[in-house]
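Derivation of every value follows stated rules applied to the coordinates shown; laboratory data play no part. Being a predicted model, the structure only gives us computed values, none of them experimental. With ideal geometry, Cβ positions are generated from the backbone for all residues, glycine too; neighbour counts draw on all protein chains shown.
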Amino acid sequence: MSPALLLLSGPNLNLLGERQPLVYGTDTLDDHVARARAAAEARGLDLEHFQSNHEGALVETVHSARGRCAAIVVNAAALTHYGWSLHDALAAFDGVVIEVHLSNPSAREPWRHTSVLAPVADGTISGLGGLGYELAVEAVARLLDERSTAH
């Protein structure tokens, strides 16, 4: 059985392709998920995807991943900057966590410069558009490989 990788998508990402294409591009969320799924399959990972506009649903999904998924790739969208309950849920997850953003939050409005998720993530990939999802999956695979050889 392949290790499970949870791809978690936060609020308003269901509007990708329509919402602010100059910032987020024209690819839809389905396009990004398909790209991540192909990268995961190439690395022997079973990708699950969950999107919600509700913080509590995202938190519950992280809880359900505990002990079941090897890693989480999370694009929490605006929750990145104030979603402390999501921070706490990810802190309780014992697998790899990679934060990903299509745009570069550090190059945008000042309120976007701080991530409350970064302290509980193994790493962050931002500003590379859809390529960021592929790179996040690759990072997960390499970190899982490192952890399995370290034990």
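Restricting attention to the stretch 122-138, which residues are buried (at least 19 other Cβ atoms within 10 Å of the Cβ) and hydrophobic (A, V, I, L, M, F, W, C)?
If the condition is that a residue be buried (at least 19 other Cβ atoms within 10 Å of the Cβ) and hydrophobic (A, V, I, L, M, F, W, C), then I125, A136, V137 are the ones that fit.
Pull up the stretch 58-89, narrow it to residues that are assigned to a loop (DSSP other than H, G, I, E, B) and touching a helix residue (DSSP H, G or I) at 6+ places or on another chain (Cβ under 7 Å), then point me to the one that is surrounded by the most Cβ atoms within 10 Å (Cβ to Cβ). Break it down into steps so the answer makes sense when it comes.
Residues of the stretch 58-89 assigned to a loop (DSSP other than H, G, I, E, B): 66-70, 76, 82-83.
Adding the requirement that they be touching a helix residue (DSSP H, G or I) at 6+ places or on another chain (Cβ under 7 Å) leaves 70, 76, 83.
Numbers: A70: 21, A76: 25, G83: 23.
Only one residue fits best here, namely A76.
Which condition from (1) within 21 Å of P119 (Cβ to Cβ); (2) assigned to a helix (DSSP H, G or I) is the one that V33 breaks?
(1)
Out of the residues in the stretch 17-37 that are of a type in the set (A, V, I, L, M, F, W, C) and touching a residue at least 24 places away in the same chain (Cβ under 8 Å), which is surrounded by the most Cβ atoms within 10 Å (Cβ to Cβ)? Write out each step before concluding.
Narrowing the stretch 17-37 to residues of a type in the set (A, V, I, L, M, F, W, C): 22-23, 29, 33-34, 36.
Among the residues that remain, those that are also touching a residue at least 24 places away in the same chain (Cβ under 8 Å) are: 23, 33, 36.
Working: V23: 10, V33: 17, A36: 24.
Top of the filtered list is A36.
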